[in-house]
Structure formats: structure tokens, C-alpha cells
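The values are calculated or read from the model by the stated rules, or taken from the named source; none is laboratory data. Nothing here was measured: the structure is a model prediction, and the numbers come from that model. We place every Cβ from the backbone using ideal geometry, glycine too, and count neighbours over all the protein chains shown.
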Amino acid sequence: MYTLQLCRRSEPVHTCTRPIRAVAMGGGAQYPYPKEVWSPAGGWWARPKNWKTNTVVVMGGVVALSYLVFRGTAHKEVRSTQPARWIPSMMYQQQFKDSK
């Protein structure tokens, strides 16, 4: 428990003598919970021991999926007119690789 002093606006701070008790923040202690409840997020107070490995696996999946989407869209991209200046998509677009 912490003790705070609250004063009225009309009172000077140095004359405030009314202590008020306040509870420390933090949500309280961990209470018993039903073990048969399953949650995809991990349930109550989830702290898996292999969180670093899980993070690497998920990030690898995100990178792989991003690569596949990029390659698929780059393969289907077609420009009807030649760009007036160099653009980054000219590095990987087959249309411009063949014209050189």
C-alpha cells in the first residue's frame, strides 16, 4: 500500500494533511484459472519457453510468403509504354531484360 496526499485546489500544498490510501498498480496476483480452457493466444499468463524459436519460424514464413507474392506479381507485371527514365522494376521485369 502507498500513501498519497490529495488537496483541494483552494488549499496550499504545504498545508495538506489528509492522507489517502491507494493500492499499487499491476492487476493483482495471479489467480487460479480453469486448466481445460484452450486459447490460440496461449491462455492466461502465457510465457512459452520457446518464444524466440516461434518468432523466428513465423518471421521465416512471413518472408517466404512475401517473396512468393513479390515473384508472382513481378511475373504478371506488364508495361504498355517504355518508361521515360529508369525505374527499379526494370531490374527484375522480364520485359526489359529481353529488350537489351
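Which residue is farthest from the chain's Cα centre (by Cα), if the candidates are limited to segment 41-95 and must be in contact (Cβ under 8 Å) with a residue 12 or more places away in the chain and in a helix (DSSP H, G or I)? Working first, answer last.
Within segment 41-95, the first condition is being in contact (Cβ under 8 Å) with a residue 12 or more places away in the chain, and the residues that meet it are 44-45, 74-75, 77-79, 89, 92-95.
Next cut, in a helix (DSSP H, G or I) only: 74-75, 89, 94-95.
Details: ALA74: 28, HIS75: 31, SER89: 30, GLN94: 36, GLN95: 38 Å.
In this case the residue turns out to be GLN95.
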Among the numbered conditions (1) assigned to a loop (DSSP other than H, G, I, E, B); (2) at pLDDT below 75; (3) surrounded by 10 or more Cβ atoms within 10 Å (Cβ to Cβ), tell me where SER10 comes up short. (3)
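Report, by residue number, each residue of segment 46-64 that is among the hydrophobic types (A, V, I, L, M, F, W, C) and within 30 Å of PRO32 (Cα to Cα).
Within segment 46-64, the subset among the hydrophobic types (A, V, I, L, M, F, W, C) is 46, 51, 56-59, 62-64.
The answer is ALA46, TRP51.
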